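What follows is a single structure, and I will ask about it in a moment.
The values are calculated or read from the model by the stated rules, or taken from the named source; none is laboratory data. Owing to the predicted nature of the structure, the values given are computational and were not obtained by experimental measurement. Positions of Cβ are generated from backbone atoms using ideal geometry, with glycine treated the same way; all protein chains shown enter the neighbour counts. Note: areas computed on protein heavy atoms with side chains; ligands, DNA, RNA excluded. Shrake-Rupley method; radii C 1.70, N 1.55, O 1.52, S 1.80 Å.
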Amino acid sequence: TISTGTATVILPLASHSAITYVYLKNTASVATIEFLNDTGQDFMTLGPGEFSFFPVKGGEGLECVASSPDTVLEYAYWTKS
């Protein structure tokens, strides 16, 4: 469940040194989810039911904030070895 006031960390900064592949899916029927990098820059929004799969550079983090309380984000990540 993603919060609305403060960013929820999905991939902690510097927790991985290699490229990490991330799958994200907004399971909400109304709310959107904003995704931010380590510096707090918004780079992507997922609308209700939308998903994304993309690589995150090694040493970078990933955070998100929901537009409504109790929004559920389905996610998984795999680190390249």
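Determine the pairs where a residue that is in contact (Cβ under 8 Å) with a residue 24 or more places away in the chain, located within region 52-63, has a partner that is among the acidic types (Asp, Glu) with Cβ atoms under 7 Å apart, the partner being 6 or more residues away or on another chain.
Glu60/Asp38; Gly61/Asp38
How many residues does region 26-64 contain that are β-branched (Val, Ile, Thr) and modelled with pLDDT under 95? Give the derivation first.
Here is the first cut: in region 26-64, the residues β-branched (Val, Ile, Thr) are 27, 30, 32-33, 39, 45, 56.
So of that shortlist, the ones also modelled with pLDDT under 95 come out as 30, 39, 56.
Total satisfying the criteria: 3.
Same structure again: Could you identify the single residue in Thr27, Thr20, Thr39, Thr32 that is open to solvent by less than 40 Å² (accessible area, probe 1.4 Å) and not hydrophobic (A, V, I, L, M, F, W, C)?
One residue alone meets the criteria, Thr20.
Where residues in region 4-37 are within 20 Å of Ser81 (Cα to Cα) and either assigned to a loop (DSSP other than H, G, I, E, B) or among the charged types (D, E, K, R) (or both), which of them is nearest to the chain's Cα centre (by Cα)?
Pro12
Within the set of pairs 6 or more residues apart or between chains, which connect a residue that is among the polar types (S, T, N, Q) inside region 70-81 to a residue that is part of a strand (DSSP E or B) with Cβ atoms less than 6 Å apart?
Thr71/Ile2; Thr79/Thr20
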